[in-house]
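Notes follow once the structure below has been shown.
Where a number appears in this text, it was derived from the coordinates with a stated rule and is not lab data. Note that the structure is predicted; figures quoted are calculated from it, not measured. So basically every Cβ, Gly included, is an ideal-geometry build from the backbone, and we count neighbours across all protein chains shown.
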Amino acid sequence: MREGPDKAETAGHLIRPHEDSVREHRFAPGRGPMTPARTIALQRTAGNAAVSRMVAESAGAGPKVPWAAPSTTGAKRTQEESGVERGDSPPRQQRRVEEGPRATRSTRSGKAGTSVRGKDKAEDPQPIGNPTLHFTSRYEGPGQQSLASAQEIGFEQRATLRRADGMTTRADDAYDFWQEVTDENQQITPNAVNYRPKKSKRAWVVDGPFRPPYNTDDGNIVNEAGHITFNDSPGFSGSMKMTEGYWLCSYEVRFRWKVRRKLGGRFTKNEPFWTSDEMVHRVESVFDPQNPDERAKITASAAGDRTWTVDLPD
């Protein structure tokens with residue numbers, strides 16, 4: 001024998017009222033249409049299934065969304081207007097995080113709170129200042145010339161480009177520096193008829209190795225952090241010396257130097273660039289065809305020394 005009603009039945013009775021009571025609550029006279037508040041109350045006492053059936057049966061009596069406020073078509077509704085019970089959305093724990101101090105994240109640099117997008121911005125390059133060009137020269141050769149002997153007749157010169165004061169950028173990383181040359185001469189050669197001299201002339205050209213990239217293997221170019229130096233020996237010396245049977249009647253050689261901000265890539269003569277004044281070396285020696293074996297004086301004048309402050313174009 002049971003002493004009392006079954007607990008499960010009692011619980012079921014408390015949670016689920018009879019269907020007739022639900023219908024009576026919905027359709028009893030004077031009760032009025034189902035409002036959001038009434039729907040919530042029934043949901044708590046009768047359960048979701050009963051409320052769903054009730055809403056389905058009364059669908060034809062009004063709008064499909066009975067809690068929609070009139071005259072607010074297309075407008076957003078608040079939780080109170082929509083009849084949805086306010087709950088923990090978002091969950092309380094999530095709200096505490098969002099409402100508290102904004103979270104930071106560690107970056108690739110290891111510092112919190114700093115956003116890293118790609119590589120850190122590189123520091124601005126150092127401004128390229130105006131360099132200084134210093135030129136020195138002298139004559140290197142005998143005071144007389146002889147048709148019967150080999151002789152070296154020429155000049156020694158040095159052109160040094162120094163980076164601007166205070167700069168730490170290497171000179172060859174800051175500037176393009178090159179040397180140009182033009183020359184002409186008259187010579188008597190062994191096969192000349194009646195010692196008639198032969199004339200030759202060369203237009204302006206970039207002078208051999210004296211340009212970027214700077215080849216320092218033979219010692220003609222010194223490429224240091226603070227300066228670039230061209231050591232040159234124009235004239236007739238070394239393998240180009242005047243050998244027996246040759247006579248140098250006259251020789252004139254002109255030099256100029258050009259400087260610009262570093263362009264990079266393969267060397268070109270593209271503008272804009274700064275151009276120095278021309279520096280000129282000259283040699284003269286008068287030959288006497290009536291006395292070919294006689295020595296004659298050599299008159300030589302070197303270009304001298306000069307210093308320029310280079311005004312780099314924009």
*Order of F155, F287 - criterion: other Cβ atoms within 10 Å of each residue's Cβ, fewest first*: F287, F155
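Can you work out the FRET efficiency for the pair D288 and T243, with r the C-beta to C-beta distance and R0 = 25 Å, to the nearest 0.05?
Approximately 0.80, to the nearest 0.05.
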*Using the count of nearby Cβ atoms within 10 Å as a rough guide to exposure, how do T299, T182, T309 rank from fewest to most?*
T309, T299, T182
_Virtual spin-label span in nm between K297 and D314, 7 Å along Cα→Cβ_ = 5.5 nm
_When each of K201/K241; K258/K297; K241/K262; K199/K297 is checked by Cα-Cα distance, pairs over 28 Å_ = K258/K297; K241/K262
*How would you classify the stretch 148-213 from its alpha-carbon gyration tensor, with a ≥ b ≥ c the square roots of the eigenvalues: rounded for a/c under 1.5, else prolate if a/b is greater than b/c, otherwise oblate?*
prolate
_the stretch 132-309: Rg to Rh, with Rh as the Kirkwood radius over Cα pairs_ = 1.06
_Per-residue Cβ neighbour rank within 10 angstrom, fewest leading, S149, S237_ = S149, S237
*Report the label-to-label distance for V280 and R170 in nanometres (one decimal), using points 7 Å from each Cα along the Cα→Cβ vector.*
3.8 nm
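Once the piece of chain linking Q144 and S233 is laid out straight, how much longer is it, given 0.36 nm per residue of separation minus the C-alpha distance between them?
Full extension from Q144 to S233 adds 30.1 nm.
About the Cα centre of the stretch 182-314, what is the dipole size in debye to 20, counting +1 per Lys and Arg Cβ and -1 per Asp and Glu Cβ, all else neutral?
Numbers: 19 positive and 19 negative charges, 92 e Å.
Here the size comes out at about 440 debye.
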*Hey, for a label at A192 modelled as a point 7 Å past Cα toward Cβ, could you say which residues of the stretch 238-267 have their backbone N under 15 Å away?*
242-252
*Order of 279-286, 209-216, 157-164 by packing, highest average Cβ count within 10 Å first?*
157-164, 279-286, 209-216
